[in-house]
1. From the set of residues in region 89-130 that are in a loop (DSSP other than H, G, I, E, B) and among the polar types (S, T, N, Q), which is surrounded by the fewest Cβ atoms within 10 Å (Cβ to Cβ)?
2. Scanning for something under 24 Å from Ile2 (Cα atoms), of a type in the set (A, V, I, L, M) and at pLDDT below 95, does region 114-127 turn up at least one residue?
3. Taking the condition touching a strand residue (DSSP E or B) at 6+ places or on another chain (Cβ under 9 Å), in contact (Cβ under 8 Å) with a residue 40 or more places away in the chain and among the aliphatic types (A, V, I, L, M), does Leu105 pass?
4. Restricting attention to region 85-97, report how many residues are touching a helix residue (DSSP H, G or I) at 6+ places or on another chain (Cβ under 6 Å) and not aromatic (Phe, Trp, Tyr).
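The values are calculated or read from the model by the stated rules, or taken from the named source; none is laboratory data. In this text the structure is predicted, and so the values were computed from the model without any measurement. Ideal geometry is used to build each Cβ from the backbone, glycine not excepted, and the neighbour counts take in all protein chains shown.
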Amino acid sequence: MIERIGLEEGNPLRLPMVPAVRAGDFVFVSGQAALDEDGNMIDGGIKAQTHRTIQRLIMVLKTAGCGVTDVVKATVWLDDPRDFGAFNKVYAEYFGAAPPARSTLVSPLVIDGKVEIELIAYKPLSDTGP
């Protein structure tokens, strides 16, 4: 079973993607960045953008019936390696107790931001509710 999640919430950038896809017991969350409700990058440095990016990821996870404790893998792109320490401090606020496996890469981002994160969560269908 494959289910596209979040189509009804809209896509402010009108990109050919969905916020998440459930494939069996796994939920694949598309890369998120620090965008506001209108699709504009928020002001602020790496800390503010990391908070906003993770908050957006949490909203997508919730729509898929998951939470941060269900995340098994994170992939992170930073545009500046000097932001790694500050990024890690914010990331630990959300994932510190039970962190997922993670890869962190330095790469120019497609949009003018400092960080992008995608997630894979594991949530058996029998655990998603009624």
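1. My answer is Ser107.
2. yes
3. In short, no.
4. Residues flagged as touching a helix residue (DSSP H, G or I) at 6+ places or on another chain (Cβ under 6 Å) and not aromatic (Phe, Trp, Tyr) within region 85-97 amount to 2.
For (1) modelled with pLDDT of 95 or more; (2) farther than 20 Å from Met17 by Cβ; (3) in contact with a Leu (Cβ under 7 Å, 6 or more places away or on another chain), each residue gets a yes or a no:
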residue	(1), (2), (3)
Gly39	no, no, yes
Ile46	yes, yes, no
Ala74	yes, no, yes
Asp83	yes, yes, no
Ala98	no, yes, no
Val106	yes, yes, yes
Ile111	no, no, no
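So that you can scan it fast, the table gives a plain yes or no per residue for (1) touching a Gly at 6+ places or on another chain (Cβ under 9 Å); (2) closer than 19 Å to Leu15 by Cα:
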| site | (1), (2) |
| --- | --- |
| Asn40 | no, yes |
| His51 | yes, no |
| Ile58 | yes, no |
| Val71 | no, no |
| Pro81 | no, no |
| Val90 | no, no |
| Glu93 | no, no |
| Ala98 | no, no |
